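*Asks:* Take a look at the following structure, please.
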Amino acid sequence: MAICIAIVAMSSLTSCLKEDNEDFTITAEERSKIFNACKGIHDGTLYPLYNTYEGVYKVSNDSVNDISFIIMPDSTIQVNEVPDSIFANIFNSNITDQYKIAQAIKQSKQVQSISAKTCYIGYTDTNKSTYFCSSYTAKHNIGIEIEGKSHTLNINCYISVYYSPAKNSCQATITPQSITIDSTPAFSPNGVYLGIIKRKK
């Protein structure tokens, strides 16, 4: 199902864009303005999403209402009380090993906060129409059991926040970077990410 989310569609941007990229060079005053516009507490609905050339799609009917995210004064970005089970959507259920992991994650009743310090503050484009904050890598651990054996699943991800002054809308994404099981590299992310949609700041 397609969903109209213009800002979240930008989640494919690389975390920690280089400060010396001339397309994204900003002044200290601009950086301060962007941070002050984005900081604070926001809330919205969390969806598993996938980008295509046609738009942004929900990959399942899973969603979580009233998820809050915050940019703290020390520049930490934190998403509060994320259910572990929502991460089942980032695995390909058509592949046997990934299907087993997804089913194991769905059984989890745990909720956790995900946080990391901001590493980049700027704009998403040269028109400077959307403000953008992105974090360093956030480590998210999930305990799972497969065929009677306990495992620790680690999902390294980064958190991005997008704010459109014109639309007065603030949204966030949690984008997986790498996945390990018991400290052993397992699967590459398949492009699915988690988006928190907020209409008004």
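*Asks:* Between Ser32 and Ser113, take the C-beta separation as r, use R0 = 35 Å, and let me know the FRET efficiency to the nearest 0.05.
*Replies:* With R0 = 35 Å, the Cβ-Cβ based efficiency is 0.85.
*Asks:* May I pose another question? Taking every eigenvalue of the Cα gyration tensor of the chain, multiplying by 5 and rooting it, what semi-axes result, largest first, whole Å?
*Replies:* Ellipsoid half-lengths, sorted descending, are 30, 17, 16 Å.
*Asks:* Residues with beta-carbon under 13 Å from that of Ser115, excluding Ser115: net charge, scoring Lys, Arg +1 and Asp, Glu -1?
*Replies:* Residues close to Ser115 contribute a combined charge of 0.
*Asks:* Percent relative contact order of the chain, based on C-alpha pairs within less than 8 angstrom and at least six residues apart?
*Replies:* This gives 23 percent for the chain.
*Asks:* With axes computed from alpha carbons, what is the tilt in degrees of helix 96-106 against the longest principal axis of the chain, rounded to the nearest 10 within 0 to 90?
*Replies:* Once rounded, one gets 70 degrees.
*Asks:* Pairing the Cα long axis of helix 28-38 with the longest principal axis of the chain, what angle in degrees results, from 0 to 90 and rounded to the nearest 10?
*Replies:* 50 degrees
*Asks:* Residues of region 48-201: accessible area per residue at 1.4 Å, in Å²?
*Replies:* With all protein chains present, region 48-201 gives 48 Å² per residue.
*Asks:* While we're on this one: Using a 1.4 angstrom probe on heavy atoms only, work out the carbon and sulfur share of the accessible area of region 55-201 in %.
*Replies:* The nonpolar share, carbon plus sulfur, comes to 44 percent.
*Asks:* Right, something else. Tell me, what is the percent relative contact order of region 154-196, built from C-alpha pairs under 8 Å that lie six or more residues apart?
*Replies:* Computed over region 154-196, the figure is 38 percent.
The values are calculated or read from the model by the stated rules, or taken from the named source; none is laboratory data. All of these numbers come straight from a predicted model, not from anything done at the bench. Neighbour counts run over all protein chains shown; Cβ positions are idealised from the backbone, glycine included. SASA here: full protein model, heavy atoms, side chains in, ligands and nucleic acids out. Shrake-Rupley method; radii C 1.70, N 1.55, O 1.52, S 1.80 Å.
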